[in-house]
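Participant: One structure, as structure tokens, below. Some questions next.
The values are calculated or read from the model by the stated rules, or taken from the named source; none is laboratory data. Because the structure is a prediction, the values reported are computed rather than measured. Backbone-built Cβ (ideal geometry, glycine too); neighbour counts: all protein chains shown. Ligands, DNA and RNA are excluded from the accessible area calculation, which covers all protein heavy atoms including side chains. Shrake-Rupley method; radii C 1.70, N 1.55, O 1.52, S 1.80 Å.
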Amino acid sequence: MGRAARNPEAEHALMPDHLPPGRKPSQSSGHNSGHGFATRMSHGGRPGVREHGFVNTPVYRGSTVLYPSCEARGSINARSLEQVMTYGTAGGPTHFALENMVAEIEGGHRALITGTGLAACTLPLMAYLSAGDHCLIPDSVYGPTRRIADGMLKRFGIETGYYDPTIDAAGLAALMRPNTKVVYLESPGSHTFELQDVPALAEVAHAHGAKVLMDNTWGIHHFQPFTKGVDVSIQALTKYVGGHSDVLLGSVTVATEEDWRIIASAAREVGHYASPDDCWLALRGLRTMPMRLKHQYEAGLAVARWFESRPEVLRVIHPALPSHPQHALFKRDFTGGASLFGVVFQPRYSTQQIDAVVDGLKLFGIGASWGGYESLALPTTNYISRTATDAGTLQGPTVRFHVGLEDAADLIADLEAGLDTLPR
């Protein structure tokens, strides 16, 4: 796409009128600024502290964008994949602010906001795959991603192969085909929390000419995907970024301008759009996310360690625990993590007995999403789909726990009361 000559007057005409000429909205502090994560989340994506106006970026809603002249319209439309306002579906200042902040979190080149986390999973697959192509997806992948692969992608003539998420580089190389265009990663995996050797797998994928897509929702900013060979990183902003269980959003962040144009073009073609109101709520959530995430990660570890001490528990599946099979990868690649983990109970207990414990908890809701301020307990027995590996190796009733902002001691007391109802 050719770049039209810059027209400062036209560009300024389509920027919010409270910003000075030459200053674009949502200017980020930049992940090379030297500031800490909490500082960057506090100051990025909004007017500076010495500028007159409200602290927060306003909510910009709209469909039609008016141009100051026909010449300006031509100039700006030529840059339609940049952060300029052309039509409502192309985004506005509220969207742009969140895009910049998400790119800041993951250290990426650019980010695109989608209406849901699943849309963020789906968009890159549709952008990089065509009829006759082959892609590889870990057997531990988020269930709805499996559905899109086995449903729409299959109908479009795209073949998906599922692989053991703990596969090594040689194992992945043996699965690559001449038409393998995408290697999809999710580390840790949904429900079973396997970690993947991302740098090694990315090297194999690139050697065979494939793109590396990764669902990084659990890693958030604690796993920096673009330093590990990932081309496209996917997150469900519904989780910790929103933080209050009232937002549905996703993001697709890319490593290069070439990848940005592929993703952004696909998003425009299929009409991806996110509500500016939800984007504003996500921006608000980002301001407090570093503190929330720290508390929830630490409280989650405390609860996970407590579970390990209980005789009713066969094992706890949390990447940050030394008992996790790929804990060495966690120590190498992560600076922290999420508050989501699995608990496998002793096989002497029935699924019905464990369900009764979950039903009796006072501080844990039963829900599928996570990352909000409230704790959750979700039984996953019989809800885990595997085709390349055996989910039966869990060997007992399994529950996925998410720890919110409650005091860890209160959560442990609630869980203890529940487990004490089980027969010895």
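Participant: Looking at the P(r) of region 208-311, how many percent of alpha-carbon pairs lie beyond 23 Å?
Facilitator: Working: 2226 of 5356 pairs.
In whole percent, the share of Cα-Cα pairs in region 208-311 beyond 23 Å is 42.
Participant: Any idea how far apart Glu203 and Glu258 come out in nm if each label point goes 7 Å out from Cα toward Cβ?
Facilitator: So the label points at Glu203 and Glu258 sit 2.1 nm apart.
Participant: With a 1.4 Å probe and all protein chains left in place, how much accessible area per residue does the chain have, in Å²? The partial results should precede the final answer.
Facilitator: Values: 17770 Å² over 424 residues.
Using a 1.4 Å probe on heavy atoms only, each residue of the chain averages 42 Å².
Participant: Could you state, as a whole-number percent, how many of the C-alpha pairs of region 69-213 are farther apart than 25 Å?
Facilitator: Cα-Cα pairs of region 69-213 separated by over 25 Å account for 40 percent.
Participant: Something else: Quick one: P(r) of the chain from all Cα-Cα pairs, 10 Å bins, percents rounded to integers, in order of increasing distance.
Facilitator: Histogram of Cα-Cα distances, whole percents per bin: 4, 21, 30, 24, 14, 5, 1, 0.
Participant: Once fully extended, how much extra length lies between Leu405 and Arg147, figured as 0.36 nm per residue of separation less the alpha-carbon to alpha-carbon distance? Intermediate values should be presented prior to the final figure.
Facilitator: Numbers: separation 258, 0.36 × 258 = 92.88 nm, distance 3.22 nm.
The Leu405-Arg147 span can extend by a further 89.7 nm.
Participant: Let me ask something else about it. Taking the inverse of the average 1/r across all pairs of different Cα atoms in region 332-424, what Kirkwood radius in Å do you get? Write down the numbers at each step before the final one.
Facilitator: Numbers: mean 1/r = 0.0698 Å⁻¹.
One over the average 1/r among Cα pairs gives 14.3 Å for region 332-424.
Participant: Also: Percent relative contact order of the chain, based on C-alpha pairs within less than 8 angstrom and at least six residues apart?
Facilitator: Working: 825 pairs, mean separation 64.8, N = 424.
Once normalised by length, the contact order is 15 percent.
Participant: Of all accessible surface on the chain at a 1.4 Å probe, what whole percent is carbon and sulfur? Before the final figure, lay out the partial values.
Facilitator: Values: 9620 of 17770 Å².
That fraction is 54 percent.
Participant: Could you give the length gained on full extension between Arg50 and His109, defined as 0.36 nm per residue of separation minus the Cα-Cα distance, in nm? Before the final figure, lay out each step's value.
Facilitator: Numbers: separation 59, 0.36 × 59 = 21.24 nm, distance 2.70 nm.
Stretched fully, the Arg50-His109 segment lengthens by 18.5 nm.
Participant: Out of residues 5 or more away from Ser375 or on other chains, whose amide H comes under 5 Å of its own, with H placed 1.01 Å from N in the peptide plane?
Facilitator: Distant-sequence amide H within range of Ser375: Gly365, Gly404, Leu405, Glu406.
Participant: Taking the DSSP beta bridges in the chain as the whole, what percent of them are antiparallel, to the nearest 5?
Facilitator: Of those bridges, close to 55 percent are antiparallel.
Participant: Run the numbers for His327 and Thr421: contour at 0.36 nm per residue of separation, minus the present Cα-Cα distance, in nm.
Facilitator: Result: 30.6 nm gained on full extension.
Participant: Under a 5 Å amide H to amide H cut-off, with H placed in plane at 1.01 Å, what residues pair with Thr180 once short-range neighbours are removed?
Facilitator: HN-HN under 5 Å from Thr180: His134.
Participant: What residue among Gly396, Gly171, Gly34 has the largest mean-square fluctuation in a Gaussian network model of the chain, using Cα springs under 10 Å?
Facilitator: Gly34
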